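The values are calculated or read from the model by the stated rules, or taken from the named source; none is laboratory data. From a predicted model like this one, the values you see are computed outputs, not experimental measurements. Glycine gets a Cβ as well: all are built from the backbone with ideal geometry, and neighbour counts include every protein chain shown.
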Amino acid sequence: MTPEPNLDWLDTRIVDELQKDARIPLRDLADILGVAASTCSERIRRLQRRAVITGYHADVDLDALGRPVQALVTTQVRPLNRQLIEQFREDVLSMPEVMAVFVLAGGDDFLLHVGVRDVNQLHSFIVDKLSTRREVTQFRSSLIFTHGRKRSIENLCSNDMDEHTGRALPSAQAGARAGRSR
């Protein structure tokens, strides 16, 4: 079982604000949170050391990069073993068309998020690069028409926080609140 993250109200608010705007000046962030800039800075460093914050990224327009066509490609490989899973994952991540790889449990082994110039390039990727691999036994592709993505991932433990202040509730209050929300 994965341990629950140990984030207090300030850590949670910092993560939330940085997800909205990772380039926010430290003083502005501290003002929003109502804490000293030095406190905010130390908390960010601690969140980075604990790998809660793992990086800062730029959102890019795939059309501007010449990748207006996106697809999800599910793939099965055999014989299924840890070494093959790792090798296939590394190999497909090195392909320029592949933007993300997910290792799955269930009927399919992998889900590839692919971005290409057009459907002809998608077809070439599937026929020339994917289907020619000896370990690939089956694949299916689905074109993506549109997609949405959350820009800010909420803390799932937020039931233990006051909606107005963002501060942790005393344990009795949090338990009563959880009982009301069911």
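Is it true that some residue in segment 64-73 is under 30 Å from Asp108 (Cβ atoms) and among the β-branched types (Val, Ile, Thr)?
Checked segment 64-73: at least one residue is under 30 Å from Asp108 (Cβ atoms) and among the β-branched types (Val, Ile, Thr).
Among what's in segment 61-83 and is under 20 Å from the mean Cα position of the chain (by Cα) and among the hydrophobic types (A, V, I, L, M, F, W, C), pick the residue that is nearest to Lys129 (Cα to Cα).
Restricting to residues being under 20 Å from the mean Cα position of the chain (by Cα) and among the hydrophobic types (A, V, I, L, M, F, W, C), the top hit is Val73.
Table: residues versus (1) at pLDDT 95 or above; (2) of a type outside the set (Val, Ile, Thr); (3) within 21 Å of the chain's Cα centre (by Cα).
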residue	(1), (2), (3)
Arg43	yes, yes, no
Asp59	no, yes, yes
Ile85	yes, no, yes
Phe102	yes, yes, yes
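So Gly66 passes all but one of these: (1) in contact (Cβ under 8 Å) with a residue 12 or more places away in the chain; (2) closer than 26 Å to His123 by Cβ; (3) surrounded by 13 or more Cβ atoms within 10 Å (Cβ to Cβ). Which condition number does it fail?
Single failed check for Gly66: (3).
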